[in-house]
1. Using amide H atoms built 1.01 Å from N in the peptide plane, name the residues 5+ places from A:Ser158, or on other chains, whose amide H lies under 5 Å from its own.
2. When DSSP assigns beta bridges and you keep just the ones with both residues in segment B:2-228, what percent turn out antiparallel, to the nearest 5?
3. May I ask you to evaluate 6.51 cos²θ - 1.76 cosθ + 1.60, the Karplus curve with θ = phi - 60°, for each residue of segment A:169-181 and list the ³J(HN,Hα) values in order in whole Hz, giving x for glycine and proline?
4. For the protein assembly as shown, what D do you get in µm² per second when you plug the Kirkwood radius from alpha-carbon pairs into Stokes-Einstein at 4 °C and 1.567 mPa s?
5. Per q in 0.08 Å⁻¹, report the Debye log10 I(q)/I(0) for chain A, using one uniform scatterer on each alpha carbon and no solvent.
6. I need A:Thr165, B:Thr234, B:Thr51, B:Thr141 ordered by Cβ neighbour count within 10 Å, fewest first.
7. Based solely on its DSSP helices, what 222 nm [θ] is calculated for chain A when runs of n ≥ 4 H residues each add -39,500 (n - 2.57) and the sum is averaged over all residues, nearest 500 deg cm²/dmol?
8. For B:215-224, what's the mean count of beta carbons from other chains sitting within 10 Å of each residue's beta carbon?
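Rule-based calculations on the coordinates, nothing more; no lab input. Here the structure is a predicted model, which means the values were calculated and not measured. For neighbour counting, all protein chains shown are included, and Cβ atoms are generated from backbone atoms with ideal geometry for every residue, glycine included.
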Amino acid sequence: MAIKTKKKIHEKNQKLTVHTKSLRLTTMCTLEKHGSLFILTLIGDNHEHRLGPSLIDCLLSALSQVNSQAINGGSALITVAHGKFFCNGFDVPWGQSDARSRLHQMVESFRSVMSALLSLPVPTIAAVSGHAAAGGLVLALGHDYVLMRRDRGFLYMSEVDLAITLPDYVAALMRSKIGGSAARRDVLLRGMKVKGEEAVRMGIVDSAAYDSEESVVEAAVRLGHRLAERKWNGEVYAEIRKSLYPEICGVLGLVSKTIVASSKL
Amino acid sequence: MCTLEKRGNLFFLTLTGDDDHRFSLTLIESLIFALSKVKSQAVHGSALITTAHGKFFSNGFDLAWAQSAGSSSGAIDRLHHLVASFKPVVSALLSLPMPTIAALPGHAAAAGFLLALSHDYVLMRRDRGVLYMSEVDIGLTLPDYFTALMRSKIGSASARRDILLAGRKVKGEEAVRMGIVDSAAHDSEESVVEGAVRLGEQLVKRKWNGEVYAEIRKSLYPEICGVLGLVPKTVVASSKL
């Protein structure tokens, strides 16, 4: 089933449209259900979809909705954003006197978004159709699968250039998700701007065989359907995912549990 | 023994002499002293290049000195002493507030291999020199910080097994394929040092804050930092904040 990609959404007071009525009204992000797939769209209040306090809150609310909706298995989450940027990181009020403490607050509140993603009872796919930098790259890598464009957009951990050290959960995520020691050094210590094909070679993303925003989203939808068809038990899926990433779970305080939900036992 | 020079923003630490630059207590002390000088003279946009003259980068610890102790227990004590003295060299390199590059003109074995791996970037010659962890052949187990560094820097399980359990001697191009070194496209001592200088010049142009650089480096290698007792800290040095 083809999905029409929406262009920039400007309507105010847009509801999170899912099967059950949502009480939350926000323009920061939208959550829609298309058949078996949840589509989470980053909007924010600028074209860079920067992670400010409102967008972070919206993401938490959307992920909590997915969590409660997805109890029967057989779905997947796709996170998208439109335009030149997937997400350009935290919305730091550079130059203002309280910039440092506000950055700290956003970094701390974003921990919950990472926890929610790692505990989500559905497979997760990030369709990165534009630049993903700093917190934006962290958001993308918090997904099980990452697809990006070949022709546009790069991944960039800007912290070494901005002279800011990495929060503990960010370092743990990078170590868990970027397997090669040289690749980790290039991304974090060299501040490399990594385009699609190189990101695949470095093992950071799963595929970059796409030459438009539409085609990367379509590929994410196709992948989402294939994964949803497996009808995995969501609780078990989330626990197995957490067991892949014990270090970041430890840092985030996520506890794992044993589940035997097999109908065969 | 070793010399330290500064050319522009690049520090050059060179193991001198025509021998195999084995780590004696004296050489280890000189290395620690040189690295502390580098640290104190660091500015934003510095880099360190470590190299050596001749056929060897370094062939590891001065085992002949250990053996000349006159007794087996005396030899073991001396070896432990060397291992313990060398730990601060690895700590200093992992904490150094600037990018570090090892330019290998020749063989790097055992602790010499470890010295190379303690750098952010490693360049080797294609035509000369092997990387070799000789311990399994000599009959020595590995200190904790040796294995922690090997595990952190050599990603592939089969590469680690080949190097540590099979005592494989790895030449330049294979080392690149195994993901152990960054480049082996050099066919002379001059050319590997030139390669290091070119890389160093690219890196210093970024004018990174050294303190932040060192902390991000440490956060890449939590296991070896734990073994060495290096504590990470949060630094927000951005001039924009």
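1. Amide H to amide H, under 5 Å and 5 or more residues apart or across chains, A:Ser158 pairs with A:Ala134.
2. Beta bridges within segment B:2-228, antiparallel portion: roughly 30 percent.
3. Karplus-based 3J(HN,Hα) across segment A:169-181 equals 6, 5, 4, 5, 4, 4, 5, 6, 9, 9, x, x, 5 Hz.
4. 52
5. -0.29
6. Exposure proxy ranking, most exposed first: B:Thr141, B:Thr234, B:Thr51, A:Thr165.
7. It lands at -11500 deg cm²/dmol.
8. 6
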